[in-house]
1. Y221 is checked against (1) open to solvent by less than 30 Å² (accessible area, probe 1.4 Å); (2) closer than 23 Å to V298 by Cα; (3) touching a residue at least 60 places away in the same chain (Cβ under 8 Å) and fails just one. What number does that condition carry?
2. Inspect all residues belonging to region 153-162 and state whether any of them is part of a strand (DSSP E or B), small (G, A, S) and at pLDDT below 95.
3. Please pick out the residue among R115, R107 that is in contact (Cβ under 8 Å) with a residue 12 or more places away in the chain, among the basic types (K, R) and open to solvent by less than 50 Å² (accessible area, probe 1.4 Å).
4. Could you grab me the full set of residues in region 114-145 that are touching a strand residue (DSSP E or B) at 6+ places or on another chain (Cβ under 6 Å) and in a helix (DSSP H, G or I)?
5. If I ask for residues that are among the β-branched types (V, I, T), closer than 24 Å to P158 by Cα and not in a loop (DSSP other than H, G, I, E, B), which ones from region 174-221 would you list?
6. Checking the condition surrounded by fewer than 14 Cβ atoms within 10 Å (Cβ to Cβ), among the hydrophobic types (A, V, I, L, M, F, W, C) and either closer than 27 Å to S87 by Cα or in contact with an Asp or Glu (Cβ under 8 Å, 6 or more places away or on another chain) (or both), which residue from L228, L215 passes?
7. Given the condition touching a residue at least 60 places away in the same chain (Cβ under 8 Å) and not in a loop (DSSP other than H, G, I, E, B), answer yes or no: does some residue in region 268-285 qualify?
8. Is it the case that A333 is closer than 22 Å to M207 by Cβ, surrounded by fewer than 16 Cβ atoms within 10 Å (Cβ to Cβ) and among the hydrophobic types (A, V, I, L, M, F, W, C)?
Amino acid sequence: MKIIFTLLMINWFSATVCIAQYIDSSDFRRPDSIASLYKGHSLDDLRLLSHKLTASLSTEKEQFRAIFSWVCNNISNDYSYYEKNKSKREKLLHQPEKLARWNREFRVKVFDRLRNDYTTVCSGYAYLIRELAYYAGIECEIVDGYGRTAQANIGGEPVANHSWNTVKINKKWYLCDATWSSGSVDPQQKAFISTFSEAYFLTDPSMFVLNHYPLDTSKLYLKIKPSLASFMKAPLVYKGAIQQKVKPIMPETFLAFAEKNQPKHFVFKSVANEEIKDLKLQIYFAGKYTNISPEVSVNADGLLSVEYIFKSKGSYLVHIMNGADYLFTYKIAVK
């Protein structure tokens, strides 16, 4: 059984081209409740697990939600494997043959760890989502590409470091990321913090692209496709922004410039047209953090804007937050 399980995992499916849509949030209490009934279920028989999760649900959307919920709440991100894979991919970036060999060998270890210990990295999450969907009769594929976090793909040369899924529901394609919905990696504690989030479940492609960029650009599902270069230069966008559907508008790049003692404006948009009630600026400069609650202005187009005056020359990190959630980060060079 273990050999069959591992071989199935290594068999990656090819992708097809279609147009993605966005599903509005729904009441998923029933599929989530069903998923919770099978906590810790064995991964030896994925067909059986898929059947238990989906058999009593009538729609593809509910069935896929039960699968997604189970994976996010039962599988942990393996921090040590994450660090090992990140380091090796960066080291072998310009050695394609060695990188391909590393990926093959590492993938087998990752999938064995998934089956035995319920811990994995992004490729294991994406595989498990795809296989459980397959046994439920739902078309689902793995997407490989670039993920941007505070620890990865911020400046420098882009490194393909992440995997997620595209799923076909009611003849439409959608995007999701079980890895980032299951929780987050805390580099200071060197541990995975399990916290389920709706942010990356059937996400609007225009939001998903703010921190995901596929190798196959047809999986962007956008009429106007940003370039990889512009993706890499953009502001750093966090789960909070995706969850709250808030987009950065200006500055357009992570690295931006400001004049000393002159106001610098930060402009963003609430895609859901919801009020931003507790906006904060967290400024990091010269080894110290300063927290500010700025006045938020709204123009005729619905764009929100705040300003800050930098009073010293140097390099600043500006984190824009709403409540306790980080939305975006900029690096501001003040001259």
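The values are calculated or read from the model by the stated rules, or taken from the named source; none is laboratory data. Here the structure is a predicted model, which means the values were calculated and not measured. Neighbour counts are summed over all protein chains in view; Cβ atoms, including those assigned to glycine, are modelled from backbone coordinates with ideal geometry. Please note that ligands, DNA and RNA were not included when accessible areas were found on the heavy atoms of the full protein model with its side chains. Shrake-Rupley method; radii C 1.70, N 1.55, O 1.52, S 1.80 Å.
1. Unmet for Y221, out of (1) open to solvent by less than 30 Å² (accessible area, probe 1.4 Å); (2) closer than 23 Å to V298 by Cα; (3) touching a residue at least 60 places away in the same chain (Cβ under 8 Å): (2).
2. no
3. R115
4. L114, C122, S123, A126, I129, R130, A133
5. Scanning region 174-221 gives T179, V185, T203, T217.
6. Only one candidate qualifies: L215.
7. Checking region 268-285: at least one residue is touching a residue at least 60 places away in the same chain (Cβ under 8 Å) and not in a loop (DSSP other than H, G, I, E, B).
8. Against the criterion (closer than 22 Å to M207 by Cβ, surrounded by fewer than 16 Cβ atoms within 10 Å (Cβ to Cβ) and among the hydrophobic types (A, V, I, L, M, F, W, C)), A333 does not qualify.
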